[in-house]
Amino acid sequence: MIKMMTAYTEEVDEVEDGIAEILGQIDIAALKKNSVGLVTCHVDFTNTGFIGELCKKLPFNIIGMTTMSSANQFGHSMFGFSLTVLTSDDLLFESAVTGPLEPGDYYGKIEKTYSEAVAKLPGKPSLILAFFPYIQELSGALIHKSFDKICGGIPFWGSIATNQEVSFERCYAFSNNDIGKDSLTMVLIHGQLDPEFIVVSMPTENIRKNRGHITNSDDCLLKEINGVPALNYLESLGVVVMKDSSITTPLMVYYEGSSEPVALGIYKVNDDGSVLCGGEMPIGASVAVGEITGSGILQSTGEGMDRIIQSTRRNGALMLPCVTRYVMLPNHNEEMELIAGKMKNIGAMPFMVGYSGGEICPVMDETGILQNRFHNFTFSACIF
């Protein structure tokens, strides 16, 4: 069995006061035999000494990431620090961090870090929680694909770090007080655990019914749909994709064996008509065009929350919606407020929310097997 606790503060400058606030909300005496902490926070908490001083007071390791905005039952804000504690007598937690990843030197570092962490456990993990770095020269989808291969398809859930500036700078994934740039951090959970994963990108009515088939691609580079350059295909549907402007048109990818699509962003348009996307674009998969709207964002959040409310799991909910959702809402806090209100109606179920630069969440295929997937624009949750 797993138990979840949370704590929250917005006190970044007066470090002792902020730590006292956190410790006042966590019942240390109620911790089980094994524990680990998850943090989402404003980037300023990483440079004031706050995290290092807090780690001295906590009897367990933490992993974390910077984010646009954080929430739990104690509060929500762009300037918040949210701590989630997972504790159990039956489960084992092993945390690890890779050190800086680079385009030519990342696979080996991830493999070594993961292998060393697994070796400290009595067997393979049943679930991995991971925070990825935000690296301009190395896509989250490529790191995700590598990590999936390294762990052998064991379900992993988490996010790419982001921040209030929505840029590659000062986006940190960290382990304890190790806040070096470009590191991947993870918690391996060993033991009997049966979490439920929820992914909702947008309402069905916001997805066009006509689907094309990917006929030429290279990992995340979508070259052709239905035998024509991807850009030409999109233009034939009336979709305007500007080369030098922010692209918020999601592509809904139906992977082989999956009935539900994965939402992926278009990152770059090339002169040859190919488009660089936020995740893998395998040949043979079908693709449709989606539309992000304010009402659609809140409708999909409501759908995700309804699924959490209807779940039989009540020990805790981890939620990581896409940061684009926060940015695109006229009232940026509206999604957070909707989540907090719904969770308040549930009662005592603890929860955590942070905004993601790329959502990492398994999706069940048609045979009932979980497949690790990388998402954009999505509301993602893991329920215990």
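What the table below lists for this structure:
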item: Cα long-axis angle, helix 15-25 against the chain (0 to 90 degrees, to the nearest 10); result: 90 degrees
item: The chain - percent relative contact order, Cα under 8 Å, separation 6 or more; result: 19 percent
item: Dipole moment magnitude, nearest 20 debye, the chain about Cα centre, only Lys, Arg, Asp, Glu C-beta charged; result: 840 debye
item: Length released on extending from Ser286 to Thr249, taking residue separation times 0.36 nm less the Cα-Cα span; result: 11.7 nm
item: Radius of gyration, Dmax [the stretch 208-289; alpha carbons; angstrom]; result: 11.3, 35
item: Inter-site label distance for Lys124 and Glu111 at 7 Å from Cα along Cβ, in nm; result: 1.7 nm
item: Estimated FRET transfer efficiency when R0 is 41 angstrom, pair Glu337-Asn210 (beta carbons, to 0.05); result: 0.70
item: By average C-beta atoms within 10 angstrom, highest first, the peptides 256-268, 49-61, 19-31; result: 256-268, 49-61, 19-31
item: Rounded Å value of the spacing that divides the Cα centres of the stretch 16-92 and the stretch 201-259; result: 40 Å
item: For the stretch 24-160, radius of gyration divided by Kirkwood radius, i.e. Rg to Rh on alpha-carbons; result: 0.96
item: Of the GluC sites (Glu not before Pro) in the stretch 298-384, those whose Cβ has at most 15 other Cβ within 10 Å and which sit in DSSP loop; result: Glu366
item: Over 26 Å (Cα to Cα) - which of Lys3/Lys112; Lys33/Lys120; Lys149/Lys223; Lys3/Lys342; Lys3/Lys56 fall in this group; result: Lys3/Lys112
item: Angle between the chain longest axis and helix 140-151 axis [Cα atoms, degrees, rounded to 10]; result: 60 degrees
item: Geometric extent, Cα atoms of the stretch 184-246 - Rg, Dmax (angstrom); result: 18.4, 51
item: Virtual spin-label span in nm between Asn177 and Asp306, 7 Å along Cα→Cβ; result: 4.8 nm
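FYI, it's all coordinate maths here, none of it is from the lab. Small disclaimer: the values here were computed from a predicted structure and weren't measured. A quick note on method: Cβ atoms are made from the backbone with ideal geometry, for glycine too, and the neighbour counts reach across all protein chains shown.
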